[in-house]
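*Asks:* Take a look at this one; I'll ask things after.
The values are calculated or read from the model by the stated rules, or taken from the named source; none is laboratory data. Small disclaimer: the values here were computed from a predicted structure and weren't measured. For neighbour counting, all protein chains shown are included, and Cβ atoms are generated from backbone atoms with ideal geometry for every residue, glycine included.
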Amino acid sequence: MSDYPKIHLSFPVRDLERSVAFYEKFFGEEPVKTRPRYVKFLPSIAPLNLALYSDGTAAGDAANHFGIEVRDHETVLRHLQRIRGSGLETREEMDVDCCHANQDKFWVQDPEGREWEIYVLNRDLDEPGGREEEACCADLESGDPSEQARSSVTTTCCGG
């Protein structure tokens with residue numbers, strides 16, 4: 001369990017059992033509380049209090065995506081290996097310029113379609129060697145498949 005303060009997120013889910021299985025793999029830990037139609041995680045990888053509750057009708061939410069920033073590239077790779085080893089599907093983006101920063105990251109999607117990334121910030125794009133915001137987002141919005149192939153997550157980068 002991580003130290004306080006924590007960010008609290010509460011997600012409605014259609015299939016609680018399936019969502020719990022996903023988050024156990026994603027966090028590499030079991031929930032700290034399980035009640036009928038309710039499960040709580042306090043993962044050690046982030047200052048997070050995540051509550052899942054079954055309402056039978058939920059389908060994602062209006063958020064663009066969620067992320068966990070880690071200290072370094074090695075930590076990203078450690079979590080990537082762990083999560084891959086658990087059987088979850090991942091999408092990698094290493095040394096990618098994403099509108100405001102250069103990052104190494106990977107993505108997973110929970111059973112409700114929520115996107116999660118684990119990433120490290122390599123540098124802000126306003127630092128020397130960074131790209132301008134317009135160039136980054138323009139590439140993703142260009143419709144050019146060769147440019148879009150550079151990033152497998154065109155809907156989450158740049159808040160698109």
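*Asks:* Which residue pairs have Cβ atoms closer than 6 Å, lie 6 or more positions apart in sequence or on different chains, and pair a first residue in region 99-123 that is more than 18 Å from ARG82 (Cα to Cα) and not assigned by TED's automatic domain parsing to the domain that holds PHE11 with a second residue that is part of a strand (DSSP E or B) and among the basic types (Lys, Arg)?
*Replies:* ASN102/ARG123
*Asks:* Let me ask something else about it. If I go through region 78-91 residue by residue, how many of them are in contact with a strand residue (DSSP E or B) (Cβ under 9 Å, 6 or more places away or on another chain) and touching a residue at least 24 places away in the same chain (Cβ under 8 Å)?
*Replies:* The total comes to 5.
*Asks:* Which residues, taken from region 3-23, are touching an Asp or Glu at 6+ places or on another chain (Cβ under 6 Å) and under 14 Å from GLY87 (Cα atoms)?
*Replies:* PHE22
*Asks:* Then there's this: Look at GLY28 and say whether it is out of contact with any Asp or Glu (no Cβ under 8 Å at 6 or more places or on another chain), on the phi > 0 side of the Ramachandran plot and modelled with pLDDT under 95.
*Replies:* Values: out of contact with any Asp or Glu (no Cβ under 8 Å at 6 or more places or on another chain): yes; on the phi > 0 side of the Ramachandran plot: yes; modelled with pLDDT under 95: no.
No, not satisfied.
*Asks:* Take HIS73 and tell me if it is at pLDDT 95 or above and not polar (S, T, N, Q). Walk me through how you get there before you give the answer.
*Replies:* Values: at pLDDT 95 or above: yes; not polar (S, T, N, Q): yes.
It is true that HIS73 is at pLDDT 95 or above and not polar (S, T, N, Q).
*Asks:* Restricting to region 1-41, what's the tally of residues that are in contact with a strand residue (DSSP E or B) (Cβ under 9 Å, 6 or more places away or on another chain), closer than 25 Å to VAL76 by Cα, among the charged types (D, E, K, R) and surrounded by fewer than 15 Cβ atoms within 10 Å (Cβ to Cβ)?
*Replies:* 1
So that you can scan it fast, the table gives a plain yes or no per residue for (1) in a loop (DSSP other than H, G, I, E, B); (2) under 23 Å from LEU48 (Cα atoms); (3) at pLDDT 90 or above; (4) under 16 Å from the mean Cα position of the chain (by Cα):
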| site | (1), (2), (3), (4) |
| --- | --- |
| HIS79 | no, yes, yes, yes |
| ILE83 | no, yes, yes, yes |
| VAL96 | no, no, yes, yes |
| LYS105 | no, yes, yes, yes |
| TYR119 | no, yes, yes, yes |
| ARG123 | no, no, yes, no |
| GLU134 | no, no, no, no |
| CYS137 | no, no, no, no |
